[in-house]
Amino acid sequence: MGVVIRRAGEDDRERVVRLLDEAFQDDPVSSWVFSDVEHRRRTHHRLMAAFTDAVLADGRIDLTEDGAACALWLPVPAGEHADGGPEGDDGPAQVREAVDPENERVELIARLTEGIHPADRAHEYLWMIGVVPRRQGEGLGTALIESVLDRCDREGLPAYLEASSARGRGLYERLGFEFTGRALDLPDGPRMWPMWREPRTPAQT
């Protein structure tokens, strides 16, 4: 049976935030941003809420019908920043203030990923994809990604993401993404792999 996917709306906000909070509690990057486990349990959901709100406003959230997985996509025009705001907007500082004002890493992770994000061509940005732990390994993430990549191929759009684990990098490579060659090593933290995918023509699929 195929995976049923629908576009999330404002009514799904809390569902998406809970899903992302559960899916990323022990992610290497989340663990770096919120290094204290108890603080992460109390605060992490606020960062997921900020991400959800940004993408509901300017992008697209795809959600499996059973609520076990979601993908956050943001269209990035050529020459613009990945947060969707014009140059000069201090989104990272605003997110830090809203989420965890004393935690400089909330702001730093946004600035560092902005710094490596390609800006020369319009593309679809896979900001996050989350699957609840008990459902991982069932192909839900692949189904979510492929539904948008199919559209990218039809429209001739590249896609971009940052893999936060070696396991994730392997999955994305199987879907046609390639490492850009410039890794992001978080200070005293994990490595992230920026990855780019050129649109495929029918002969390449």
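Here the average projected area of the convex hull drawn through the C-alpha atoms of the chain stands at 11.5 nm².
Between MET192 and LEU184, ASP185, LEU186, the built amide H atoms are under 5 Å apart, and every one of these is 5 or more places off in sequence or on another chain. Given in Å, the Rg to one decimal and the Dmax to the nearest whole number for the Cα atoms of the stretch 119-205 are 13.5, 44. Taking the helices alone, the chain has a mean residue ellipticity at 222 nm of -13500 deg cm²/dmol, built from -39,500 (n - 2.57) per DSSP H run of at least 4 residues and averaged over all its residues. Each residue of the stretch 119-128 was assigned a 3J(HN,Hα) from its phi angle through the Karplus expression (A = 6.51, B = -1.76, C = 1.60, θ = phi - 60°), giving 10, 7, 10, 5, 6, 9, 10, 7, 5, 8 Hz with x at Gly and Pro.
By the count of neighbouring beta-carbon atoms within 10 Å, fewest first, THR52, THR64, THR43 end up ordered THR43, THR64, THR52. Placing +1 on the Cβ of every Lys and Arg and -1 on the Cβ of every Asp and Glu, with no other charges, gives the chain a dipole of roughly 680 debye about its Cα centre. The residues neighbouring LEU175, those whose beta-carbon lies less than 9 Å from its own, together hold a net charge of 0 under the Lys/Arg +1, Asp/Glu -1 convention.
Sorted into 5 angstrom bins from 0, the C-alpha pair distances of the stretch 1-74 split as 3, 16, 27, 22, 16, 11, 4, 1, 0 percent.
Multiplying the residue separation of THR180 and ARG154 by 0.36 nm and removing their Cα-Cα distance gives an extension gain of 7.1 nm.
Bear in mind these aren't lab numbers, they're just calculated from the coordinates by the rules spelled out. Keep in mind that what you see is a predicted model, and the values were worked out from it rather than measured. When we count neighbours, we look across all protein chains shown, and the Cβ atoms used for this are built from the backbone with ideal geometry, even at glycine.
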